[in-house]
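The values are calculated or read from the model by the stated rules, or taken from the named source; none is laboratory data. Since the model is a prediction, treat every value here as computed from it, not as a measurement. Here Cβ is always computed from backbone atoms with ideal geometry, including for glycine, and neighbour counts include all displayed protein chains.
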Amino acid sequence: MKAANGLLIVLCVAGCATTDQERQGRIVRDTFERWNEALARGDVEAGYAGMSDGFKSHWLWARLRDRNDTVTQAHLAKLDPALRGLLDVWFNAHEKEQPQRAELLPQSLLNSRWLFDLYREHLTREKQTVTAEAKVRTVREVYLDETGATVTAETLGILAMYAMVVEGGRWKIDGYRQAVRPRK
């Protein structure tokens, strides 16, 4: 009888772990799909809120590195001098190191209206493309690991991977991997 009880406990633990993993996978999928639906509607606030601070930081770093980005250059002129100083120190440190991913922005920049306004203008300019792609994007797979989750999504036959992490108790988009065409 003891062996049977031990087996029952092992099966329950294995079953419970799978159930929790499946539940987390559904939560990740639902969160991604709500974020994608917000993009399809052109909901800038929900799109921005669905991004992790790390993703926002990396997004800004990419915008600053693009010297042909006139939108970002125009917004830099509007940035408060104290915040501009913080931004310059942060950016210059990254330019020297050339990391694969930007470090987090100082909290005052992450919380600034300036960053949201910059994101809003970029998304507004790209709205037609962003909304059209979001309307046809479908989740193919969700993978969970110890660092977060990866969502594989298909848009017009092209696969892309989105990293997701828990931040502030909620799943958020933390990165995007270059799209690839699946092999036939």
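Values as computed for the structure displayed
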quantity	calculated
Top-ranked residue of region 69-92 - restricted to ones that are over 14 Å from Asp117 (Cβ atoms) and of a type in the set (D, E, K, R), ranked as surrounded by the fewest Cβ atoms within 10 Å (Cβ to Cβ)	Asp88
Any chance Val89 is β-branched (Val, Ile, Thr) and either within 28 Å of Trp171 (Cα to Cα) or in contact with a Ser or Thr (Cβ under 9 Å, 6 or more places away or on another chain) (or both)	no
Meets criteria (within 17 Å of the chain's Cα centre (by Cα), among the aliphatic types (A, V, I, L, M) and under 13 Å from Thr72 (Cβ atoms)) for Leu104	no
For Lys96: the one exception among (1) in contact (Cβ under 8 Å) with a residue 24 or more places away in the chain; (2) in a helix (DSSP H, G or I); (3) not small (Gly, Ala, Ser)	(1)
Hits in region 116-142 (condition: touching a strand residue (DSSP E or B) at 6+ places or on another chain (Cβ under 9 Å) and without any contact (Cβ under 8 Å) to a residue 12 or more places away in the chain)	Glu141
Residues of region 38-68 classified as touching an Asp or Glu at 6+ places or on another chain (Cβ under 6 Å), buried (at least 19 other Cβ atoms within 10 Å of the Cβ) and in a helix (DSSP H, G or I), total	2
Any hit, region 105-115, residues being in contact (Cβ under 8 Å) with a residue 24 or more places away in the chain and of a type in the set (D, E, K, R)	no
Wholly within region 106-172, helices (runs of 4 or more DSSP H) carrying at least 3 residues that are at positive phi	none
So Glu33, is it out of contact with any strand residue (DSSP E or B) (no Cβ under 9 Å at 6 or more places or on another chain), closer than 18 Å to Val151 by Cβ and modelled with pLDDT of 95 or more	no
